[in-house]
Every structure is written in structure tokens, then in C-alpha cells.
Amino acid sequence: MSGHHISSAKFLWAVGSSLFVLTFLTVAVTWFHIPGPWNIIVAIGIAVAKAMIVVAFFMNLWWDSKFNSMLFVMSIIFFLLLIGITLLDTLYRVDPVPSF
Amino acid sequence: MSDPSAVKGKPKHVKHYFVDSDQQFEASKMGMWVFLVTEILFFGGLFAAYIVYRSWYPDLYLQASTELDTFWGAVNTAVLIGSSLTVAMSIRSAQLNQIKGLITNLYITISLACVFMVIKFFEYTHKFDKGIFPGEYYTYEGIAHEKANIFFSIYYMMTGLHGIHVIIGIGLMLFLVVKAKKGAFSAEYYTPVEITGLYWHLVDVIWIFLFPLLYLID
């Protein structure tokens with residue numbers, strides 16, 4: 001069954017190590033003071049890569065039923081909708097929130 | 001038809017309304033993924049607040065994040081990734097019927113989670129000493145921005161909710177240790193270990209985003 005994929009210890013350590021390396025990388029790039037908005041794009045890009053590694057290989061979506069992957073992808077789509085529609089309001093206000 | 005619970009050959013852990021162990025396992029896991037979807041959207045609201053205020057006050061985020069110690073943030077990131085690794089190892093142990101390894105890996109995970117919370121405790125108290133409280137209780141003078149309290153309200157809400165999830169995770173894993181010691185888990189039945197693992201990995205993923213967004217702005 002797809003739900004009973006057993007990762008080897010070596011593989012899990014490799015996944016963990018790649019996450020440690022990417023953590024170091026995301027700190028290291030701030031030492032170079034990349035001009036905006038590229039600093040944000042690089043930081044989010046590394047975070048997305050790390051999250052994908054965790055979701056695919058620690059949470060086993062890579063081997064799991066496609067339905068669970070669809071649930072995950074849908075949550076991301078609805079999250080982006082939430083942000084997108086909110087920003088359509090807040091970015092185009094003439095007077096950006098007087099009291100708070 | 002006769003009583004379905006009387007069907008022979010089904011292992012004891014399989015509820016009578018499931019066909020077999022695999023179906024029960026897949027159903028539990030799918031249920032957990034549905035819960036994780038709600039968790040992503042739960043935190044999503046806070047990320048939306050973060051993004052809206054960052055678009056309004058970009059300078060505020062640059063100034064205020066200097067109050068956060070990148071070193072301890074990075075240490076906590078490493079601690080959580082390490083705990084994700086040990087949770088994955090504990091699931092592997094359960095799959096291989098190594099109950100001792102399962103318990104050991106759960107203990108390491110719980111310890112790492114406690115290390116995370118201790119570091120968070122010192123980070124919080126350090127800020128409280130300076131008068132950095134959320135919202136109207138903010139009294140710190142060190143940041144020359146009239147909306148400085150907003151950044152820290154968002155900081156406390158996001159890291160606080162994340163911290164609550166870590167504490168719940170510690171509770172869940174202590175529960176797993178107790179169950180494992182009673183011999184509840186085996187290679188045939190380890191569903192609670194699997195879905196607690198999924199929860200713990202999601203808590204890790206949330207922190208993976210919180211770390212660069214809060215600590216690494218400059």
C-alpha cells in the first residue's frame with residue numbers, strides 16, 4: 001500500500017541534512033544584503049523549497065494517495081486567494097487605515 | 001447478513017465499519033490532512049495580517065526585526081528540523097516493529113520541543129523586560145516608529161499560536177509514549193504515531209516560514 005512507504009534511515013538523514021543546509025543558506029544570504037525586493041524573494045523561495053521537502057519526504061506526500069496531495073494544494077490555493085483578495089482592498093486604499 | 005463485527009480474520013484494532021487495516025489507516029490519514037488544511041488556513045489569516053501590514057509599513061518591519069535575535073531564531077529552526085527528523089525516525093521504528101526505537105525517538109523529539117520552548121521563553125522574557133508587549137501595553141522607546149507595537153502584536157500572535165501548537169505536540173507525544181509502553185503500537189497498527197507525525201511536521205513547516213519572515217528582514 002502507498003500509505004506504508006518505509007523510508008530508509010539514510011534517506012531520512014539526507015532529507016534532514018538538506019534542510020539544515022538550506023537553513024544555513026537562508027541565514028547566510030542575509031550577510032550579503034541583497035537589494036530589495038530580491039531579498040524577500042530569495043528568503044521566501046528558500047522557505048518554500050524547505051516546506052516542499054518536508055511535505056514531500058517527511059509527510060510522505062511523494063508516495064501517498066493523490067487525494068491527500070490535492071487537499072494540500074487546495075489549501076495553498078485558498079490561502080493565496082485570501083491574500084490576493086485582501087491585498088486588492090488594502091493596497092489600493094486612498095487613506096490607509098487611519099486609527100490602526 | 002450477520003453482524004459485521006463478527007467477521008473473522010480482522011485484526012483487533014480494525015473498527016467494524018472498515019473493510020481492513022489499510023482502509024482504516026488511509027481514512028485516518030486523510031482525516032488528518034483535512035485537519036491540516038484547516039490549520040494552514042488558520043495560520044493563513046495571521047500571514048495575511050503580516051503581509052497587509054508589511055505592505056503598509058515596510059520601514060517598520062525593517063526597524064523592528066532588529067530587536068529579534070537571528071542567532072536564537074536560527075537555533076530554534078535547527079531544533080525543530082531536528083525534531084521533525086526524529087519524528088520521521090519514530091514512524092520508521094514503528095513500521096519496523098521496533099517499539100524501543102519508537103519510544104527513544106519520541107523522547108528525543110519531546111526533548112527538542114522543550115528546548116524550543118525554553119529558547120522561546122527566554123526570547124519572550126527578554127522582550128517583556130524591555131517593555132515590548134503586544135498592542136496598547138507596548139512601552140519600549142527603542143524603535144523610532146509610531147506603529148512599532150503593530151509589528152510586535154503580529155510577532156506575538158504568530159509565534160504565540162505556533163508555541164501553543166508546540167505545547168500541544170509535546171502533550172500528544174507524551175500520550176504516544178504512554179501508549180507505546182503499554183504495547184499499543186506495532187507494524188500493523190501505528191496510526192496515532194503517523195498522524196501525530198503529520199501534525200508535528202506541519203508545525204515545523206509553519207516555523208520554516210516564520211523564521212525568515214520575522215527574524216531575517218534587513
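Worth a mention:
- Taking the numbered list (1) free of Cβ contacts under 8 Å to residues at least 40 places away in the same chain; (2) closer than 30 Å to residue B:132 by Cβ; (3) more than 9 Å from chain A (Cβ to nearest Cβ) in turn, residue B:75 passes all entries but (1).
- Within the set B:182, B:120, B:100, the sole residue that is surrounded by fewer than 21 Cβ atoms within 10 Å (Cβ to Cβ), of a type in the set (Lys, Arg), more than 14 Å from chain A (Cβ to nearest Cβ) and in contact with a Gly (Cβ under 8 Å, 6 or more places away or on another chain) turns out to be B:120.
- Screening residue B:72 with (1) loosely packed, with under 13 Cβ neighbours inside 10 Å; (2) out of contact with any Ser or Thr (no Cβ under 8 Å at 6 or more places or on another chain) gives one miss only, at (1).
- Residue in the stretch B:36-45 that is farthest from the chain's Cα centre (by Cα), counting only those that are over 12 Å from residue B:165 (Cβ atoms) and more than 7 Å from every other protein chain (Cβ to nearest Cβ): B:45
- Condition check for residue B:83: within 20 Å of the chain's Cα centre (by Cα) and surrounded by 15 or more Cβ atoms within 10 Å (Cβ to Cβ): yes
- Residue match in the stretch B:198-218 (condition: assigned to a helix (DSSP H, G or I) and surrounded by fewer than 16 Cβ atoms within 10 Å (Cβ to Cβ)): no
None of the figures in this text is laboratory data; all of them are computed from the coordinates on show. Keep in mind that this is a model prediction, so the values were computed, not measured. Ideal geometry is used to build each Cβ from the backbone, glycine not excepted, and the neighbour counts take in all protein chains shown.
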